[in-house]
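Report on the structure given below.
The values are calculated or read from the model by the stated rules, or taken from the named source; none is laboratory data. Fair warning: this is a prediction, and the values are worked out from it, not measured in the lab. Here Cβ is always computed from backbone atoms with ideal geometry, including for glycine, and neighbour counts include all displayed protein chains. What goes into the accessible areas is simple: the full protein's heavy atoms, side chains included, and nothing from ligands, DNA or RNA. Shrake-Rupley method; radii C 1.70, N 1.55, O 1.52, S 1.80 Å.
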Amino acid sequence: MISRRSSFGIIAVAVACAAVLAACGGGGSTGGSVSPPGATPTPTPTQVSTQQVVTEALPTSAMGSETDPSFGLIGGFTQTIYSQTLAFAPGSKIMVHNGQAGIPHTFGVDSTTGFDAGGTALSLSATGGSTVGAGFNTGSIAAGASAGPFTLSSGTYWIGCAYHYVSNNMRTVLQVSAAATPGPQATPQAGTATPSPPPGGGGTYY
């Protein structure tokens, strides 16, 4: 015959075991999920870069020139395929890619009010750090190379290439605001092949 004290001991042991099993078996809310046998594991999402590419090349290349309805003659810069004015949201990051075969270029802020006939603020040396604003220049970018990333601060910037601003009218306007949209693209130059930029931008123009 089992004494009352023994029966209490057995009950206590049983309760303790149940508590241990509950802790080890785990509530579903704290444990990681386990794929059923034979199921294909869910792949980890690949992080997509938020950097965008501005490509530059001579307006006489396939990129062409465009008479923008708001800013006049522009050429040599695009965020798509052919020359256009540029537009991004404040805080965006861009890479500047020289898509010209065999020719160096720069990307610089000539003015915040309008095109300067001489491009006097443009420089072959890098100025202004890593934020595009007044006084910014990438410095010389070799053919096929890229510079950046550069962060865009709010404003409207008249952009040019220090090498070809005067000689080839290589210039555009960059608008950095939440409501800005890029301008219409130029008509492709006659007799030039349509560039095929790889994913992320940065095509080659001849």
- Tensor-based shape of segment 83-202 (alpha-carbon gyration tensor, a/c under 1.5 rounded, otherwise prolate or oblate): rounded
- Task: Quote the relative contact order of segment 62-153 in percent (integer), defining contacts as alpha-carbon pairs under 8 Å separated by 6+ residues.
- Result: 29
- For 105-115, 174-184, 142-152, ranked highest to lowest by mean beta-carbon neighbours within 10 Å, the order is 105-115, 142-152, 174-184
- Message: I want the antiparallel fraction of DSSP beta bridges within segment 62-189, as a percent rounded to 5.
- Response: 80
- How many nm is it between the label spots at residue 116 and residue 89, if each spot is 7 Å from the Cα in line with the beta carbon? 3.2
- Label-point separation, residue 67 to residue 134 (7 Å along Cα→Cβ), nm: 3.2
- Message: If I model a spin label at residue 126 and residue 145 as a point 7 Å from the Cα along the Cα→Cβ vector, what separation in nanometres do I get?
- Response: 1.0
- Once phi is turned into ³J(HN,Hα) by the Karplus curve 6.51 cos²θ - 1.76 cosθ + 1.60 with θ = phi - 60°, what whole-Hz value does each residue of segment 99-113 show in order, with x for glycine and proline? x, 8, 6, x, 10, x, 9, 10, 9, x, 8, 7, 6, 10, 10
- Query: If the chain between residue 168 and residue 187 were fully stretched, how many nm would it gain, using 0.36 nm times the residue separation less the Cα-Cα distance?
  - Reply: 5.1 nm
- Surface accessible to a 1.4 Å probe, per residue, for the residues of segment 62-198, Å²: 40
- segment 60-167, accessible surface, carbon-and-sulfur percent (1.4 angstrom probe): 55
